[in-house]
Amino acid sequence: MRTRYFGWEYVFEHIFQHCDRDGLWNGDAASVAADFHVPEDEADEMLSDLADRGLIEKLAPGTFAVVKWPERDEPGEEQEAY
């Protein structure tokens, strides 16, 4: 039984929330399947869809990079006007 909605937005949000500061996520279809209670082949298709959309990129088995970062609401220290 699915406990969470399994759409690309939710899967991307899950990956984004669980990646490190460099945007690297150590997960795979099996971990997505377990977190969303879906079959592993469905999770693999979802990861492929996210890669096709240009949101993530597979670097190695079990490691993905988040390619599209959300815009920040406030400027960083290096962007502040003086």
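Considering region 46-61, the residues that are outside any strand (DSSP E or B) and surrounded by fewer than 14 Cβ atoms within 10 Å (Cβ to Cβ) include one that is modelled with the lowest pLDDT, namely P61.
What are the residues in region 1-35 that are out of contact with any Asp or Glu (no Cβ under 7 Å at 6 or more places or on another chain), within 20 Å of R53 (Cα to Cα) and not in a loop (DSSP other than H, G, I, E, B), if any? Matches in region 1-35: E9, Y10, V11, F12, E13, I15, F16, Q17, L24, W25, V32.
The values are calculated or read from the model by the stated rules, or taken from the named source; none is laboratory data. From a predicted model like this one, the values you see are computed outputs, not experimental measurements. No Cβ is skipped: glycine too gets one built from the backbone with ideal geometry, and neighbour counts run over all protein chains shown.
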